Amino acid sequence: MRWARENLFGGWLSTIFTLLLLLLLWKAIPPFIDWAFLDAVWQPDPKVCRASEGACWGFIAEKHRFILFGTYPYDLHWRPAAATVLLIGLWIFSAIPLFWRWWLTLVWLAGLMAIGILMWGGVFGMPYVENERWGGLILTLLLTTFGLAIAFPLSILLALGRRSDMPIIRALCVGYIELIRGVPLISLLFMASVMLPLFLPSGVTIDKLLRAQIAMILFAAAYLAEVVRGGLQAIPKGQYDAAHALALPFWRRTGLIILPQALRISVPPLMNTFIAFFKDTSLVLIIGLFDLLSTIKIALNEPAWNGFGVEAYVFASLVYFVFCFSMSRYSRRLEHQR
Amino acid sequence: MANLEERRIASGFGFLGREAGFEIGETAFMRYNASDTYLRALVVGLTNTLAVALVGVVVATILGTAIGLSRLSRNFLLRNAAAAYVEFMRNVPLLVQLFFWYAVITEGMPGPREALSPLPGVFISNRGIFFPSLFSGVPELQGFNFVGGTALTPEFAALLTGLATYTAAFIAEIVRAGVLAVHRGQTEAAHALGLSRAQTTRLVVLPQALRVIIPPLTSQYLNLTKNSSLAVAIGYPDLVSIANTTMNQTGQAIEGIAVIMAVYLTISLSISAFMNWYNAHVAFK
């Protein structure tokens, strides 16, 4: 009672808000439960779905293989499934501070090699699958992983360049970062998908997935560079002076003294950028790659399942939410540990 | 260059003067028809981008401030509802949210004949949202759709809802951080002067918090403007979407992308310039 009086009805304004919110919840929650659970159709039959008032989860049940694996050959779905589990496993493994040792790089190299073998095949009696047919969740995860793995070192160079004493390098880095941050990601993806092929000598082609990946890397590098620069700026000047006083050459000064501190400070904003990047991979849909969101959209195009977009996108939201929410929780825990 | 000649693709911006030959679904701010030039089509696209960005910024700011302040409320229910909103919105890609709103409007809403009418003269149907205006009167049902009044197309409504609700979550966090950055002593002093909680927030805390809030708020406005380019995915004819059509028709991808980038860079730089001026204006003197 006392808790309620203090936390729900502490003043007339608070009381009004409480009552309004209770009314809103009362109006919203029961119909939502009806729609999502009680009246929902779980069997994969569009006719039953259309007859019902509730959500049509049958769509997900029917299409989950396509949504998760895209146009990957149906009989071989265990391969992207194994690759997905392996990749998520690698992420979780590297989230544990105990394993932050030099050999973690080796674990990643081995893991990525295994994923490459699983996805492409062509050895150990597994038929070859060209990467035009990759799709679904694994594509989203691979775009994120490779994007961040390559953009991160690049961004450190850019951030160092922006704070460099050499005017040309500084101008180039500032120009690059501001240019990329000033334009929408879509324009970069368009650039990779329609403009880049025009610049290649005839006969040379780079496949679409790689081109999109390059655009994502260029994009992420600029944003990460600003985060790293923030970290570099936050280090007390004394650290720079001390490193100078030890007469260390530039790269050892940077690698041994400045960067370890700068990156440690930047962990929370870096994690935020990682999450934003994971969400941004959904934009490859616009240039016609089959990531998780685009397989969902394509599945909806089938006439029988037309018109169940709300269910489909609720499902998509949940999948993305699970990934992003766990990343943000993890980053918060990391912050509190120190 | 040799590549372009080989593929018989023209170069240069000569195409801007030629006839575009495609219709645009949304021409609320400029008259346009298919026989107009590409340049005019692109300008129509730009006005559409600016329109959605401008309205989006206003709505997102109001909503974001309200939610940010709610997160600091002493009311348990309000505080947690706001926190849940922020958590959910920030962890789902904007593109998914846009598709969701577009699906809600086109699939979830009734047809024009059974349109919802929350206020007299306002109609919500799967053809968009119609409301009365001073110039074109009250919307009326004629045949299969409404005539008269001002209309928000489903594309505009979905894009605006998506952009505003998504960005509001980020703005809420900025507002909250800004308010928390104001020293506790300020609040206590205001209470000691006998100001009420609402007065303290309005007269003492917010003006000081504004200085912390403005720089990150600027980048959210820029993000919203850049994110409005996702319009292309749900068929709202913004600048990117029209430049995309232009590229497909003329094959002049380099020029098309140059136009997009130049326009967005100009917008980005002008918003930051304005915000820097404003920031200097409210800073401690």
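Treating r as the C-beta distance of A:D241 and A:L172 and R0 as 30 Å, the FRET efficiency rounds to 0.65.
Here the translational diffusion coefficient of region A:143-288 follows from Stokes-Einstein with Rh set to the Kirkwood radius across Cα pairs; for 10 °C and 1.306 mPa s it amounts to 96 µm²/s. Cβ crowding within 10 Å, taken as a proxy for footprinting-reagent exposure, orders A:W102, A:W108 from fewest neighbours to most as A:W102, A:W108. When you count the other C-beta atoms within 10 angstrom of each residue and take the mean per peptide, A:189-199, B:184-194 line up highest first as A:189-199, B:184-194. Distance distribution P(r), chain B, all Cα-Cα pairs, bin width 5 angstrom from 0: 1, 5, 10, 12, 14, 13, 12, 11, 8, 6, 4, 2, 1, 0, 0, 0 percent. Counts of other chain beta carbons within 10 angstrom of each beta carbon in peptide B:222-231 average 3.
Protection proxy ranking, highest mean first, for peptides B:223-233, A:149-159: B:223-233, A:149-159, where packing is the per-residue count of other beta-carbon atoms within 10 Å, averaged. Taking amide H positions as modeled 1.01 Å from N, with prolines and chain starts lacking one, the residues under 5 Å from B:S125 and 5 or more places away or on another chain are B:F130.
Taking the number of Cβ atoms within 10 Å of each Cβ as an exposure proxy, the fewest-first ranking of A:T84, B:T218 is B:T218, A:T84.
With a 10 Å cut-off around each Cβ of A:309-322, the average count of Cβ atoms from other chains is 5. Applying 0.36 nm per residue to the separation of A:L210 and A:W12 and subtracting their alpha-carbon distance, the gain on full extension is 65.3 nm. Cross-link check: pairs A:K47/A:K279; A:K63/B:K226; A:K27/A:K63; A:K237/A:K279; A:K279/B:K226 evaluated at a Cα-Cα cut-off of 26 Å; pairs beyond the cut-off: A:K47/A:K279; A:K63/B:K226; A:K27/A:K63; A:K237/A:K279.
Cysteines of the protein assembly as shown lacking any other cysteine Cβ under 4.7 Å from their own Cβ: A:C173, A:C324. Among A:I217, A:L263, A:L283, whose Cα lies farthest out toward the positive end of the dipole of region A:143-288, if unit charges sit on the beta carbon of Lys, Arg (+1) and Asp, Glu (-1)? So the residue we want is A:L263. Stokes-Einstein at 20 °C, 1.002 mPa s, Kirkwood radius from Cα pairs: D for chain A in µm² s⁻¹? The estimated diffusion coefficient comes to 91 µm²/s.
Under the combined filter of DSSP loop state and at most 14 neighbouring Cβ atoms within 10 Å, region A:128-212 retains these GluC sites (Glu not before Pro): A:E130.
Using a cut-off of 18 Å between alpha-carbon atoms, which aspartates and glutamates can reach A:K208, once sequence neighbours fewer than 8 places away in the same chain are excluded? The qualifying aspartates and glutamates are A:E130, A:E132, A:D280, A:D291.
Computed packing ranks the peptides A:87-98, B:71-82 as B:71-82, A:87-98, most packed first, by mean other Cβ atoms within 10 Å. Counting only other chain Cβ atoms within 10 Å of each residue's Cβ, the peptide B:81-93 averages 5. Taking Cα centre as origin and charging only the Cβ of basic (Lys, Arg, +1) and acidic (Asp, Glu, -1) residues, the dipole magnitude of chain B rounds to 1160 debye.
Could you list B:Y278, B:Y236 in order of exposure, starting from the residue whose Cβ has the fewest other Cβ atoms within 10 Å? List each step's numbers first, then the result.
Numbers: B:Y278 13, B:Y236 27.
Listed from fewest to most nearby Cβ atoms, that is B:Y278, B:Y236.
Span-like helix check, chain B: qualifying full DSSP H segments, with Cα axial length of 24 Å or more and mean Kyte-Doolittle of 1.0 or more, are B:38-70, B:154-181, B:253-282.
Taken together, the values in this text are just the output of simple stated rules run on the coordinates, not laboratory data. None of the values given here were measured: they were computed from a predicted structure. Counting neighbours? That spans all protein chains shown, and the Cβs are built from the backbone with ideal geometry, glycine included.
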